[in-house]
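Have a look at the structure below, then the notes.
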Amino acid sequence: MAKRNLTLQLDEDVIRRAKVLAAKRGTSVSGLVARELENLVADDARYEEAWQRAHDIMTASSPRGGRRWRRDDLYDRHR
């Protein structure tokens, strides 16, 4: 897959702290950002797939007998 550059503007403090974090993890700030963006994109794709599966299941499900429940039907009111 071809890689392209992306320019970001961040506060100096965030950049400084990101460099420290990247060093602790043995990577670069670019590597940290790339990994986080890849995770966000993957999470979003999984969410969309799960939502679509749930929607498809609900759309395909049959009604539960067509009965309309009343409050008194759901609770014992014989006290």
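No value in this document is a laboratory result; all are computed from the given coordinates. On a predicted model such as this, the values are computed, not experimentally measured, just so you know. In this analysis, Cβ positions are derived from the backbone assuming ideal geometry, glycine residues included, and neighbour counts consider all displayed protein chains.
In the chain, a dipole from Cβ-located charges (positive for Lys and Arg, negative for Asp and Glu) runs towards its positive end, and of LEU21, ILE57, LEU40 it is ILE57 whose Cα lies farthest in that direction.
Taking the mean number of other Cβ atoms within 10 Å as a proxy for protection, how do you rank 47-55, 25-33 from highest to lowest?
Values: 47-55: 10.0, 25-33: 13.0.
Put in order of decreasing packing, that is 25-33, 47-55.
Once Rg and the Kirkwood radius are both taken over the C-alpha atoms of the chain, their ratio Rg/Rh works out to 1.41.
Angle of helix 12-25 to the longest C-alpha principal axis of the chain, folded into 0 to 90 degrees and rounded to 10: 90°. Using 13 Å as the cut-off for backbone N distance, which residues of region 17-34 belong to the label zone defined by a point 7 Å from the Cα of ASP11 along Cα→Cβ? Counting backbone N atoms under 13 Å from the label point, the list is 17-18. Across region 31-73, Cα-Cα distances exceeding 16 Å account for 63% of all pairs. Remark: the ALA34-ARG68 segment gains 7.0 nm on full extension, using 0.36 nm per residue and subtracting the alpha carbon distance.
Using 0.36 nm per residue, how much length does the chain from ALA54 to ALA42 gain when fully extended, once their Cα-Cα distance is taken away? Don't jump to the answer; show the numbers that get you there.
Working: separation 12, 0.36 × 12 = 4.32 nm, distance 1.84 nm.
Result: 2.5 nm gained on full extension.
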